[in-house]
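The values are calculated or read from the model by the stated rules, or taken from the named source; none is laboratory data. Note that this is a predicted model, so its numbers are computed, not measured. Backbone-built Cβ (ideal geometry, glycine too); neighbour counts: all protein chains shown. The area values use the complete protein model at the heavy-atom level, side chains included, leaving out ligands, DNA and RNA. Shrake-Rupley method; radii C 1.70, N 1.55, O 1.52, S 1.80 Å.
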2 protein chains.
Amino acid sequence: MTPLSITQAQMTRDPDQPDDNRPTLAEVARIAGVSEITASRALRGGTHVARATLERVQTAARAINYMPNRLAGTLAGGASRQVAVVLPSLSNSVFSDVLHGLETRLEQAGHHPILGVSNYDPLREERLVSDLLSWRPAGLVLAPAVSTAETRRLLAGSGVPIVEIMDVDPAPIDTTVGLSQRAAGRAMAHYLLGRGYRRLAYAGHDISTDPRALSRLQGLQDGLAEAEVTLAATVLLPGPSSVPLGRDAVGQLLQDCPVGAGHDRLVVCFSNDDMAVGGMFHALSAGLDVPGDLALAGFNGLAIGQALPLPLTTIASRRVEIGELAGAALLARVAGKPVEKVQDVGFRLVIGATT
Amino acid sequence: MTPLSITQAQMTRDPDQPDDNRPTLAEVARIAGVSEITASRALRGGTHVARATLERVQTAARAINYMPNRLAGTLAGGASRQVAVVLPSLSNSVFSDVLHGLETRLEQAGHHPILGVSNYDPLREERLVSDLLSWRPAGLVLAPAVSTAETRRLLAGSGVPIVEIMDVDPAPIDTTVGLSQRAAGRAMAHYLLGRGYRRLAYAGHDISTDPRALSRLQGLQDGLAEAEVTLAATVLLPGPSSVPLGRDAVGQLLQDCPVGAGHDRLVVCFSNDDMAVGGMFHALSAGLDVPGDLALAGFNGLAIGQALPLPLTTIASRRVEIGELAGAALLARVAGKPVEKVQDVGFRLVIGATT
DNA sequence: GCAAATCATGACAGCGCTGTCAATTATGTT
DNA sequence: AACATAATTGACAGCGCTGTCATGATTTGC
């Protein structure tokens, strides 16, 4: 494999492989009979390298199964190609969807997410942001929990592009991609009022740590207030949202809010679709007439809600797209291109058969 | 802030901050009046450092908002604390559950996943493995798609611990955590046969790229073959599994397999719970008697299946636990502790009301 | 009280790679 | 053919940190 013509480069120090025998760029260069820097240039892009040299280096690299060490490359001045991603949860499919879109977009550009999950814990979020930034990522994508001041300080002082996702209402630290959670809640209120409902209840999970669910509820209340309507009842159950929790929540709610003959029809707004699907299951089990006795409205537009025998009325968010756009925004920022501070992807009211 | 006593260390080169003004360890050391290496030791663990020095260094670090550069640390010989994770999908909640468990366990040890999603594409998986390994992670966790020989070569030659997850049947490259997909399929066959079913059908997504769904189907067929029963019909729809797809699959299946009065009762086995829930929704919409006319069996034991008005018969896999155990196994390997080659977490037949 | 052990600290080198700038060679122009 | 321009290559230094070994300071044992 080694070319016969002995050059100076081939005589320089022979990197004795220690215990870790991974080949280095120096070895590739030696075999190809070029300097390290030329090998480096050949292996990326190949600009400013003669075609013959390029091929010689590539052949050498392949021959010894060379794999670049990106730690070294990044430390030496290359762009990082890692993107820190901090999410509040993975049990809710909302964030796996976002992550999916984000990963797809990043991968197209050869970037990879380093992931942190805060479980809606502000201190954990803070630690994650700090930990992940210490890897000197190209940027950071954050679906904020209730962030601490220290978290915001870390982000603002990080010197890398920050993309906050999901809610466009809070003032962005840098850039934001999402929808107006508050407007979404309001839109639901308007729709339900327009539909003639005047008796509304709310069933949610522990929204004290979930700022977006809280914003939606506030938007809902705002919208109702405009018509001087208030929520007839509210049930908040501890723990993260889930189908079973929604089922329980409705069960509990109906103890205070009787439905059926002799009662005004009731519509329950849920903190999200998972909860609403649970509510639907309760209604099915209890033999309630939906939407005659009990109407249901969710939020997110998950596939499951639309596959129900009665498609769920909900507000569809564009989660995968938010992930993709967040990735695109980050990559654009990294490339020095200008990016809109706020990208509102909007939402869509999905009128199902449950209202 | 700077101590008044001028020491030699303070006179050495003043690192002029370029455009990137992030403080370095050298600056912390200078302010604390110690050498870099002492500052380094003080900032991690604090072993072999006098208490007074330790506090001085920590104070200095805090004063200038020092944040370590882990790229440099890892390159210089520290352990990586990044773990490559390659999954075939994120649209299925199975893998978000696994990722959740994994991330939780890793985070406890200050490690973070770098994520890649292959979409069940072998070549993409190969590229991801290669890309992620170039970050010199402490280890790699893989839920394999149909892996290429090159992928296996990369993994075997990586020199870091590899944990394959989800299926314990294939021979592990290094270590594996999961369950026997084949045995799970077989267990379902035995249960259904024992329950008296003799007319069975299968409804699945595109399982040609999903080795585990394929193994379960094979296990199912193995189990049926023992009683000389064969599948009466099979419907495979293109695309990834989803609730709507399951609904469609059953609709299509019933065109060939009539059910109801005058027909033997039929049980449909689905490639997973998502599909089965879709099937259930179809049955509800079509007014079919479940399980009288049509029985349904899923796989995975997702919460959604259990929250249905009729809880789904399924086989519960321990996904979060698999993630946690995979993380634990990896961390143990990194720490040089011995780890079982194969960890079979088993599965649990969940007898619902749909069979 | 003095050798032997322990503790605290630092000098040095280097992890593997890339940016900058300079040197060399090939190509084009009239 | 002589010069200007471009293409190709390399030397050098250093990114920020940590392992190893050596040194001086301090304590312990009998």
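Taking B:Val243 as the residue in question, decide whether it is among the aliphatic types (A, V, I, L, M), farther than 30 Å from B:Pro338 by Cβ and more than 27 Å from the chain's Cα centre (by Cα). Break it down into steps so the answer makes sense when it comes.
On the way: among the aliphatic types (A, V, I, L, M): yes; farther than 30 Å from B:Pro338 by Cβ: yes; more than 27 Å from the chain's Cα centre (by Cα): no.
It is false that B:Val243 is among the aliphatic types (A, V, I, L, M), farther than 30 Å from B:Pro338 by Cβ and more than 27 Å from the chain's Cα centre (by Cα).
Taking the range A:101-116 as the range and being in a helix (DSSP H, G or I) and farther than 24 Å from B:Gln108 by Cβ as the test, the residues that pass are A:Gly101, A:Leu102, A:Thr104, A:Arg105, A:Leu106, A:Glu107, A:Gln108.
Listed residues A:Asp174, A:Asp167, A:Asp210; which is not β-branched (Val, Ile, Thr) and not assigned by TED's automatic domain parsing to the domain that holds A:Gly323?
Details: A:Asp174 fails: not assigned by TED's automatic domain parsing to the domain that holds A:Gly323; A:Asp167 fails: not assigned by TED's automatic domain parsing to the domain that holds A:Gly323.
Unique residue meeting the criteria: A:Asp210.
Taken together, the residues in the range A:26-43 that are touching a residue at least 24 places away in the same chain (Cβ under 8 Å) and under 28 Å from B:Leu155 (Cβ atoms) amount to 6. Flag: A:Gly178 does not match the condition of being among the small types (Gly, Ala, Ser) and either surrounded by fewer than 24 Cβ atoms within 10 Å (Cβ to Cβ) or touching a Ser or Thr at 6+ places or on another chain (Cβ under 7 Å) (or both). Taking the range A:119-130 as the range and being more than 8 Å from chain B (Cβ to nearest Cβ) and open to solvent by less than 10 Å² (accessible area, probe 1.4 Å) as the test, the residues that pass are A:Glu125, A:Val129. Looking at the range B:297-321, which of its residues are part of a helix (DSSP H, G or I), in contact with a Leu (Cβ under 8 Å, 6 or more places away or on another chain) and crowded, with 24+ Cβ neighbours inside 10 Å? Result: B:Gly305, single match. What are the residues in the range B:96-118 that are away from DNA strand D (no atom under 16 Å from the Cβ), more than 8 Å from chain A (Cβ to nearest Cβ) and surrounded by 19 or more Cβ atoms within 10 Å (Cβ to Cβ), if any? Within the range B:96-118, B:Val98, B:Gly101, B:Leu102, B:Arg105, B:Leu106, B:Ser118 meet the criteria. Screening the candidates A:Thr12, A:Thr7, A:Thr2 for the property of being at pLDDT below 90, farther than 25 Å from B:Leu132 by Cα, away from DNA strand D (no atom under 11 Å from the Cβ) and of a type in the set (Ser, Thr, Tyr) yields one hit, A:Thr2. Screening the range A:82-91 for residues that are assigned to a loop (DSSP other than H, G, I, E, B) and either more than 9 Å from chain B (Cβ to nearest Cβ) or touching a Ser or Thr at 6+ places or on another chain (Cβ under 6 Å) (or both) and picking the one that is nearest to B:Asp131 (Cα to Cα) gives A:Leu90.
Does A:Val98 satisfy being in contact (Cβ under 8 Å) with a residue 40 or more places away in the chain, not in a helix (DSSP H, G or I) and not small (Gly, Ala, Ser)? Against the criterion (in contact (Cβ under 8 Å) with a residue 40 or more places away in the chain, not in a helix (DSSP H, G or I) and not small (Gly, Ala, Ser)), A:Val98 does not qualify.
Being charged (D, E, K, R) and either crowded, with 19+ Cβ neighbours inside 10 Å or part of a helix (DSSP H, G or I) (or both) is the filter here, so list the residues in the range B:239-270 that pass it. So that I can check it myself, show each step before the final result.
To start, the set of residues in the range B:239-270 that are charged (D, E, K, R) comprises B:247-248, B:256, B:264-265.
B:Arg247, B:Asp248, B:Asp256 - these are the residues of the range B:239-270 that are charged (D, E, K, R) and either crowded, with 19+ Cβ neighbours inside 10 Å or part of a helix (DSSP H, G or I) (or both).
Of the residues making up the range A:51-70, those that are more than 10 Å from DNA strand C (Cβ to nearest atom) and assigned to a helix (DSSP H, G or I) are A:Arg51, A:Ala52, A:Thr53, A:Leu54, A:Glu55, A:Arg56, A:Val57, A:Gln58, A:Thr59, A:Ala60, A:Arg62, A:Ala63.
Within the range B:51-95, being open to solvent by 10 Å² or more (accessible area, probe 1.4 Å), β-branched (Val, Ile, Thr) and over 27 Å from B:Gly323 (Cβ atoms) holds for B:Thr53, B:Thr59, B:Ile64. Counting residues in the range A:56-77 that are more than 9 Å from DNA strand D (Cβ to nearest atom), within 29 Å of B:Gly73 (Cβ to Cβ), more than 14 Å from chain B (Cβ to nearest Cβ) and without any contact (Cβ under 8 Å) to a residue 12 or more places away in the chain gives zero. A:Gly73 satisfies every condition listed in (1) part of a helix (DSSP H, G or I); (2) closer than 30 Å to B:Asp97 by Cα except (2).
For (1) in a helix (DSSP H, G or I); (2) over 28 Å from B:Asp131 (Cα atoms), each residue gets a yes or a no:
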position: A:Tyr120; (1), (2): no, yes
position: A:Val129; (1), (2): yes, no
position: A:Arg136; (1), (2): no, no
position: A:Arg153; (1), (2): yes, yes
position: A:Val160; (1), (2): no, no
position: A:Asp169; (1), (2): no, yes
position: A:Ala183; (1), (2): yes, yes
position: A:Leu192; (1), (2): yes, yes
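Among the residues of the range B:283-296, are any hydroxyl-bearing (Ser, Thr, Tyr) and outside any helix (DSSP H, G or I)? There is no residue in the range B:283-296 that is hydroxyl-bearing (Ser, Thr, Tyr) and outside any helix (DSSP H, G or I). Just so you know, in the range A:216-228 the residues that are of a type in the set (A, V, I, L, M) and free of Cβ contacts under 8 Å to residues at least 40 places away in the same chain include one that is surrounded by the most Cβ atoms within 10 Å (Cβ to Cβ), and it is A:Leu224. Going through the range A:245-266 one residue at a time, which ones are under 13 Å from A:Ala283 (Cα atoms), of a type outside the set (Gly, Ala, Ser) and within 12 Å of another protein chain (Cβ to nearest Cβ)? Hits for the range A:245-266 are A:Arg247, A:Asp248, A:Val250. Restricting attention to the range A:322-355, the residues that are open to solvent by 60 Å² or more (accessible area, probe 1.4 Å), of a type in the set (A, V, I, L, M) and in a loop (DSSP other than H, G, I, E, B) total 2. Give the range B:131-153 a look and list any residue that's within 13 Å of chain A (Cβ to nearest Cβ) and either within 22 Å of B:Ala76 (Cα to Cα) or surrounded by 21 or more Cβ atoms within 10 Å (Cβ to Cβ) (or both), or say none. Across the range B:131-153, the qualifying residues are B:Asp131, B:Leu132, B:Leu133, B:Ser134, B:Trp135, B:Arg136, B:Pro137, B:Ala138, B:Leu140, B:Val141. Selection within the range A:194-215: residues that are open to solvent by less than 30 Å² (accessible area, probe 1.4 Å) and part of a helix (DSSP H, G or I). The member of this set that is modelled with the lowest pLDDT is A:Ile207.
Quick check on B:Ala171: is it out of contact with any strand residue (DSSP E or B) (no Cβ under 8 Å at 6 or more places or on another chain), in contact (Cβ under 8 Å) with a residue 24 or more places away in the chain and open to solvent by 30 Å² or more (accessible area, probe 1.4 Å)?
Numbers: out of contact with any strand residue (DSSP E or B) (no Cβ under 8 Å at 6 or more places or on another chain): yes; in contact (Cβ under 8 Å) with a residue 24 or more places away in the chain: no; open to solvent by 30 Å² or more (accessible area, probe 1.4 Å): yes.
Answer is no for this residue.
Taking the range A:32-50 as the region of interest, how many residues are in a helix (DSSP H, G or I) and either within 7 Å of DNA strand D (Cβ to nearest atom) or open to solvent by 30 Å² or more (accessible area, probe 1.4 Å) (or both)? Count: 5. For the range A:179-194, the criterion of being without any contact (Cβ under 8 Å) to a residue 12 or more places away in the chain, more than 11 Å from chain B (Cβ to nearest Cβ) and within 25 Å of A:Met275 (Cβ to Cβ) is met by at least one residue.
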